[in-house]
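To keep things clear, I will list the structure first and then write my remarks on it.
Values quoted throughout were computed directly from the atomic coordinates according to the rules given, and no laboratory measurement underlies them. All values derive from a computational prediction rather than experimental measurement. Virtual Cβ from ideal backbone geometry, glycine too; neighbours counted across all protein chains shown.
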Amino acid sequence: TAVQSYAAVDLGASSGRVMVGRVGPDSLELTEAHRFPNRPVRTPEGLRWDILSLYAGVLDGLRAAGHVDSVGIDSWAVDYGLLDADGALLGNPVHYRDTRTQGVAEKVWATVPAAELYAATGLQYAPFNTLYQLVAAGSSAQLAHAKRLLLIPDLLTYWLTGEAGTELTNASTTQLIDPRTGDWSYDVAARLGIDLELFAPLRRPGDPAGLLRPEVLEETGLTGPVPVTTVGSHDTASAVAAVPAVNERFAYICTGTWSLVGLELTAPVLTEASRAANFTNELGLDGTVRYLRNIMGLWLLQECLREWGNPDLGELLAAAAEVPALRSVVDAGDAEFLAPGRMPSRIADACRASGQPVPGSRAEITRCILDSLALAHRRAVRQAQELADHPVDVVHIVGGGARNALLCRLTADACGLPVVAGPPEAAALGNVLVQARANGQTGDRTEMRQLLARTQQLTRYEPQGTTAVWQTAEARLPGR
Ligand code: ADP
Ligand code: LRH
């Protein structure tokens with residue numbers, strides 16, 4: 001038939017969803033089959049993902065999706081489950097915001113200096129990169145008993161199909177991949193005592209990943225065979241694939257729990273200046289490099305909302321729009337904001353420490369967060385262009401934050417560039433399009449993006465005012 005259906009399982013740090021994409025010769029429609037919360041759990045051992053509830057959400061979603069021609073899975077990066085020799089999961093996957101990696105980087109750098117690590121892997125320093133997590137897990141009983149390590153989307157794929165693999169775009173977030181070759185960094189792993197045998201063989205977006213097991217078919221009411229297709233299993237790789245850009249002169253901001261801000265390049269940037277600016281070189285579709293910086297993102301707002309008992313977001317944003325601009329800003333890239341809890345007072349503390357007015361009301365705190373995010377977006381967009389020598393004419397905002405008109409408008413003003421916002425479910429769309437492509441339905445990345453630009457609802461924000469006020473605000477941040 002002309003129109004084919006694909007189930008995209010997309011697990012973000014704040015919610016999981018199963019979306020159904022219907023792709024025709026010149027059509028692309030996305031509907032939500034099922035959405036479920038992703039709530040980390042604090043156990044006596046630390047912060048853990050509730051992987052069984054996520055898997056249950058995937059099965060519920062596949063049941064709700066009904067007949068599909070294929071299934072693809074993407075999720076947040078870096079985290080993993082360990083399997084024993086029988087293939088059974090050893091414990092709940094550790095959350096990347098868990099404290100076990102505190103102080104680990106210094107130990108790692110004593111063996112492999114930070115500059116060498118960057119030259120070999122191209123990854124920015126983030127305490128939660130899988131490499132640091134594995135070193136932190138070092139002598140644990142769990143790691144000692146592990147025979148397999150599966151990144152989150154690969155673990156769910158394994159449960160659905162019984163086949164184990166390591167998808168490359170997500171593998172590139174482990175800090176154990178050489179971005180020039182797309183193969184393992186054998187030397188780095190060996191020097192740190194990390195056993196690469198734990199990883200299943202690499203597979204790439206578009207590769208087959210098996211068929212839904214009979215038990216899964218039974219449980220979901222689907223009629224087999226239903227293939228699972230490898231997609232850009234890192235949610236950000238899928239989201240970047242679905243940026244509706246019309247040429248290569250674009251920057252993107254994938255906004256959800258995180259803001260991932262950067263460029264799509266054909267080769268990594270491994271310079272010392274790039275390392276100092278903490279830009280990362282993750283891998284994208286078709287040998288591309290996602291050259292970007294991680295910024296705390298809407299996590300800052302999510303955590304405030306949680307603290308405030310989840311008031312209405314629309315009302316809060318309307319009130320924040322009325323607060324005077326740029327009264328106080330914080331460094332939204334600061335790892336100080338990584339851990340959960342007490343976010344309104346941590347933001348207030350940061351403003352106080354940098355001698356700025358302390359935001360008091362919820363609207364003021366929200367405005368401070370959005371101004372700070374826009375400012376961080378500006379810095380990253382500017383620096384990425386410089387470091388990669390890749391100028392842009394437009395900034396694309398995709399992900400949940402594309403629904404936040406105030407954030408999009410402030411980002412356009414701060415960057416002094418037009419912002420094109422949407423699609424908000426970019427990761428799911430990138431997931432769907434890679435499945436469609438594997439199924440012979442769409443062409444290359446350019447064609448996928450053209451289809452998106454033609455079919456998805458996008459909003460354009462022209463920059464207003466002068467960027468000088470943003471430049472001045474930048475000077476208020478500590479350490480800049
Ligand atoms: P993740 O994939 O990291 O879980 P999402 O891409 O789903 O994140 O984005 C979630 C964020 O999107 C929320 O934290 C919220 O700030 C924002 N968001 C979602 N819907 C809206 C909306 N209607 N208006 C404004 N912001 C929204
Ligand atoms: C966004 C994301 C991001 C990673 C972070 C751990 O969901 O995948 O790209 O850095 O989670």
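Below are the figures for this structure:
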{"item": "Of the DSSP H helices in the chain, those whose Cα atoms cover at least 27 Å axially and whose Kyte score averages -1.0 or more", "result": "362-388"}
{"item": "Rounded to the nearest 20 debye, dipole of segment 137-215 from Cβ charges on Lys, Arg, Asp, Glu", "result": "60 debye"}
{"item": "Most positive-pole-ward Cα, Val18, Leu407, Pro344, against dipole of the chain from beta carbon charges", "result": "Pro344"}
{"item": "Label zone at Ala190 (point 7 Å along Cα-to-Cβ), backbone N below 18 Å, segment 137-179", "result": "176-179"}
{"item": "Per residue convex hull volume, Cα atoms of segment 290-429, in Å³", "result": "122 Å³"}
{"item": "Fraction of antiparallel bridges per DSSP, the chain only, in percent to nearest 5", "result": "70 percent"}
{"item": "Descending principal axes extents, segment 395-475, alpha-carbon based, whole Å", "result": "51, 22, 20"}
{"item": "Computed P(r) (all Cα pairs; segment 131-240; 10 Å bins; percent)", "result": "13, 40, 31, 13, 2"}
{"item": "Neighbour-count ranking [beta-carbon atoms within 10 angstrom, fewest first] of Thr455, Thr442, Thr411, Thr472", "result": "Thr472, Thr455, Thr442, Thr411"}
{"item": "Computed E for Arg35/Asn247 - FRET, C-beta separation, R0 30 angstrom, nearest 0.05", "result": "0.35"}
{"item": "For the chain, the spread of Cα positions along each principal axis, largest first, Å", "result": "60, 54, 45"}
{"item": "Net charge dipole size for segment 292-386 [Lys, Arg +1 and Asp, Glu -1 on Cβ; Debye, nearest 20]", "result": "200 debye"}
{"item": "Relative contact order [Cα under 8 Å, 6+ residues apart], segment 133-263, whole percent", "result": "22 percent"}
{"item": "Reciprocal mean inverse distance between Cα atoms of segment 1-48 - Kirkwood radius, Å", "result": "12.7 Å"}
{"item": "Cα centroid of segment 51-84 to Cα centroid of segment 356-384, whole Å", "result": "34 Å"}
{"item": "Between segment 310-346 and segment 414-480, the alpha-carbon center distance in angstrom", "result": "22 Å"}
{"item": "Cβ charges +1 (Lys, Arg) and -1 (Asp, Glu), total dipole of the chain, debye", "result": "940 debye"}
{"item": "Binned Cα-Cα distances of segment 83-199, short to long, each 5 Å bin given as a whole percent", "result": "2, 11, 22, 24, 22, 13, 5, 1, 0"}
{"item": "Residue (of Gln133, Thr31, Leu54) at the positive-pole extreme of segment 10-166, dipole from beta-carbon charges", "result": "Gln133"}
{"item": "Dipole-positive endmost among Gly193, Ser328, Gly206 within the chain (Cβ charges, Cα centre)", "result": "Ser328"}
